[in-house]
Amino acid sequence: MLRLTLLLVLALTAVPAAASDWGGIEPGVTTIDQVRDRYGQPSKETRPKIEGYDTLQSVYEGDRAPPGIARMTVDFGLLTAGGYKPNVVRLLTLEPKPFMFGKNTVFQGWGVPDGVVDNKDGTSTYIWKDGLLVHFDKEGKDSTSMIFSVPQPLVPSAPSPAPKK
């Protein structure tokens, strides 16, 4: 949960650029109206406040979820260099049904990852700099969640030292 919270904070403050996308949703580009035109009304909505900003979270599950997906969560509200964009997708989280996004399918769709994290519970998370994190099961074959965001640095850059006087 801490990792997800950190990802949310990073995604809220990131500057959008070319990002990974899925199903016509590209974080940093796609708007709430475009998501609703494509997927209809969500199953439920919440309006959390993140870092002092009013955001919107739309959840599509059951018969409202896209085929092959158990739950799709779309988070709106993105802080950019140009200001806060409340109607722009910040994060897209997919929880695929079993066997929908195996490792080979993910690699064919998004290429070789830029990094891999082996988690304490025996699972692994693959990271793409262009904004995709895929969490795989303990066998490393089946994805359990896919998080699409604006591009993220793999390692936060260190602050520049203060100039000497």
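The values are calculated or read from the model by the stated rules, or taken from the named source; none is laboratory data. All figures in this text were calculated on a predicted structure; none of them were measured in a lab. Cβ placement follows ideal geometry from the backbone for every residue including glycine, while neighbour counts extend to all protein chains displayed.
Scanning region 46-79 for residues that are in a strand (DSSP E or B), within 18 Å of I25 (Cα to Cα) and not hydrophobic (A, V, I, L, M, F, W, C) gives Q57, S58, Y60, E61, R71, T73, D75, G77. Return the residues of region 137-153 that are modelled with pLDDT under 90 and exposed (fewer than 11 other Cβ atoms within 10 Å of the Cβ); say none if nothing qualifies. Correct list: P153 only.
On the basis of being under 18 Å from the mean Cα position of the chain (by Cα) and modelled with pLDDT under 85, does P156 make the cut? Taking the combined requirement at face value, the residue satisfies it.
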